Amino acid sequence: MKTFKGRVIAKGNFTGEAAVSHQGFNTLASFQKSALMKKKKVIVSDQNNKDLYGVDITNKILCLPITIGSTTGGLVIQTVCDMGINPAAFLFSEEIDSLAASGIVLAKVWQNSPIICIDKLGIEFLDTVKTGDKLEIKEDGAVTIL
Amino acid sequence: MIDYKMELTQEQIDILEGKKGDTLRKMMETLVLFGDIFGAKRMVPVTHKEGHLVTSFGIPLLRPLFKTMEEINKEGLKAEGGFTCDPAPLDYENVKCNLLEKVVFNKILYGKQEEYTEQMLKAGLVDKDSFSCTCYLEECGNRPKKGDILSWAESSAVVFANSVLGARCNRNSGMLDLFGSIIGYVPEFGLLLDENRRATWIVEVKTSKVPEAQILGSAIGMKVMEEVPYIKGLDRFIGSELDHENEAYLKDMGAASASNGAVGLFHVENLTPEAKESGENLISPNAKKYIIDDTELDRVYKSYPNMWKKKDANPEITFIGCPHLTYYQLKSWCENIVKSLKDRSKNKVNGQVILTSAPKVKAKFIKENEFLYKEAYDYGVRLSSICPLMYTNNPLVHGKAILTNSNKLRTYSMARYFKDDEILELITK
């Protein structure tokens, strides 16, 4: 068991499975296909993402450095939250980027979404956590790899 | 009222307390919470009043977007300086679709297009010809000046405005672009501040010839992600004074760096305004270094996957112009295609060939180049102001062999990227 501590952007308690992207997570490219086709889960459709292409991330804990790509990113996060097919949590190793931050804030203010978000967990977190690991998130920003 | 950290004026506090309505309250709350995450100390006035929105598409699934627009319209809220918007998703006149594809576009994908356009017009959309990702081109008229504070989204427009025009804008998300334009303030952080406009990467271009803009941008984006690169060695190929040619180059390079990474600002030594003004003083101590030579460009190019179902299919549709072509790019593509076909004694291009540019650029081109336009048209070239990415969202076109010279379109679709000269060969051979 190893615990990491980050900054809370949107608080909550959750235990679930990790889906890890070691590279920048392209929000539009990743959610686009599943969201447009009104799927009941999100299968990552970003051809450039070697870690998560084809992986189901619905209700998972998405571990990533930052998000990248189109400035529709925030609205896309808000929309998948509205559809209820979002990852349960976003855990950033670095400081959250402006697009992901927009999405989390939009989802909170306009959708009242329970989405959890923690950033600044550090590079060691991303080096340690693996897709499929069970994680426990506490509302004080502690993340434990169980 | 929410807890917030930044200093607000009484007027801003009043909005946050809901004294000017619930919609404005939520908009202000969004901007303040957003700014607080990044340690913004205050909200600053948007000095270039004309906004630019990234969300041009009436996808019914985007319920939060339409609901918010509905609230904005209901309360009579409007962007003071108006706004332009990204390209429209449909153009049946110039981009051929079969009946089934049209059904998917009209009923499923963009079923709310007309309704959404009306909502935008009420909220301040300049006019129905204001749909382009290149709002900053002179023909389009939404061109900020150096030092202006913007409330824009659209990654390629933001990176251009910051880097080539010297304006100041964060990589805002859709929705926040409109909120800032209506409220007239944006949180002050990130690329609005001098200290964050300094380069943390030095990119040394050591290629033997001018690099393909879209591959250079892609390489830079994938390497530096959201950091600021200072690019050396590019001015020897594209010059040290901004003109229509190198502005078009930087438009394409920037778009690739913003979509393949998250670049919001780059400096090109001896060329872009802040690099000309401050030179290497813009480079942070301990900046990392990335050398791009012919081998590196080739490595990046070869890393792009071929997503076509039939890997060696003949081109069915070619999209040239993502971001939209400038007037001179549009003219040059038409001339080159016509010349290549004539040289080969061919009378048609291969497949559908769509050149995309802003409605106002397209109109100017047709007006000033009547003969060339007609010639290109007769050879099968179509001019459109569509967003190619929005077209490729249709699952029924996923099986089609789509070519593009855009690294952005490649990233968000199954289209295959080819260099400009390869595309010309493929569509005219």
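Since every read-out is calculated from the coordinates, none of them should be taken as a lab result. On a predicted model such as this, the values are computed, not experimentally measured, just so you know. For neighbour counting, all protein chains shown are included, and Cβ atoms are generated from backbone atoms with ideal geometry for every residue, glycine included.
Plugging the Kirkwood radius over Cα pairs into Stokes-Einstein for region B:220-278, at a temperature of 4 °C and a viscosity of 1.567 mPa s, what D comes out in µm²/s? For the chosen part, D equals 113 µm²/s. Neighbour counts of other Cβ atoms within 10 Å put B:Glu29, B:Glu11 in the fewest-to-most order B:Glu11, B:Glu29. Amide H contacts of B:Thr318 (H built 1.01 Å from N, in plane; Pro and chain starts excluded): B:Gln352, B:Val353, B:Ile354, B:Leu403 sit under 5 Å, all sequence-distant by 5 or more or on other chains.
Based on the Kirkwood radius over alpha-carbon pairs, what value in µm²/s does the Stokes-Einstein equation return for the translational diffusion coefficient of region B:1-127 at 37 °C and 0.692 mPa s?
Numbers: Rh = 16.7 Å.
Diffusion coefficient, whole number: 196 µm²/s.
Dimensions of region A:64-146 based on its C-alpha atoms, expressed as ranges along the principal axes with the largest first, amount to 32, 23, 23 Å. The P(r) of region A:65-113 has a tail past 16 Å containing 32 percent of all C-alpha pairs.
For region A:1-62, pairs of C-alpha atoms spaced more than 16 angstrom apart make up 51 percent of the total. Across region B:232-376 the C-alpha pair distances fall into 10 Å bins from zero in the proportions 9, 28, 33, 22, 8, 1 percent. With the Kirkwood sum run over all distinct C-alpha pairs, region B:1-55 has a hydrodynamic radius of 12.0 Å.
How would B:Met253, B:Met222 line up from fewest to most surrounding beta-carbon atoms within 10 angstrom?
On the way: B:Met253 32, B:Met222 18.
The order, fewest Cβ neighbours first, is B:Met222, B:Met253.
The Cβ shell under 10 Å around B:Ser240 holds other residues with a net charge of -1, Lys and Arg each +1, Asp and Glu each -1. Peptide packing for B:236-242, B:265-271 was compared via the average number of neighbouring C-beta atoms within 10 Å per residue; ordered from the highest value, the list is B:265-271, B:236-242.
What does the extension gain come out to for B:Asp294 and B:Asn347, with contour length at 0.36 nm per residue minus their alpha carbon separation? Walk me through the numbers on the way to the answer.
On the way: separation 53, 0.36 × 53 = 19.08 nm, distance 3.60 nm.
The B:Asp294-B:Asn347 span can extend by a further 15.5 nm.
Of the trypsin sites (Lys or Arg not before Pro) found in region B:95-135, those in coil by DSSP whose Cβ has at most 14 other Cβ atoms within 10 Å are B:Lys96, B:Lys128.
What whole-number volume per residue, in cubic angstrom, does the convex hull of the C-alpha atoms of chain B give? Could you put the intermediate results ahead of the total?
Values: hull volume 59.8 nm³, N = 429.
It comes to 139 Å³ per residue, whole-number rounded.
Taking the square root of 5 times each eigenvalue of the Cα gyration tensor, what semi-axes in Å does the equivalent ellipsoid of region B:165-205 have, largest first? Could you put the intermediate results ahead of the total?
Numbers: eigenvalues 132, 26, 14 Å².
Calculated on Cα positions only, the semi-axes equal 26, 11, 8 Å.
Straightening the chain between B:Leu99 and B:Ser208 buys 34.4 nm, computed as 0.36 nm per residue apart minus the Cα-Cα spacing. Remark: C-alpha extents of the protein assembly as shown on the principal axes read 71, 52, 52 Å, sorted largest to smallest.
Treating each Cα of region B:171-238 as an identical point scatterer and ignoring solvent, apply the Debye formula and state log10 I(q)/I(0) at q = 0.13, 0.17, 0.23 Å⁻¹. One equal scatterer on each Cα of region B:171-238 leads to -0.54, -0.77, -1.00.
Comparing Cα centroids, region B:216-280 and region B:297-375 end up 24 angstrom apart. Taken along its three principal axes, the alpha carbon spread of region B:198-302 comes to 36, 31, 24 Å, from the longest extent down to the shortest. When each of B:Val103, B:Val397, B:Val44, B:Val32 is scored by the number of other beta-carbon atoms lying within 10 Å, the sequence from fewest to most is B:Val103, B:Val44, B:Val397, B:Val32. With only the Cα atoms considered, region B:299-345 has a convex hull volume of 144 Å³ per residue.
Measure out, as a whole number of angstrom, how far apart the alpha-carbon centroids of region A:1-69 and region B:57-101 sit. Here the answer is 27 Å between Cα centres. What the Cα atoms of region B:317-428 give is an Rg and a Dmax of 13.3, 38 Å.
In square nanometres and to one decimal, what's the mean projected area of the convex hull around the Cα atoms of chain A? It would help to have the intermediate numbers written out before the result.
Working: hull surface 28.4 nm².
Dividing the Cα hull surface by four gives the mean projection, 7.1 nm².
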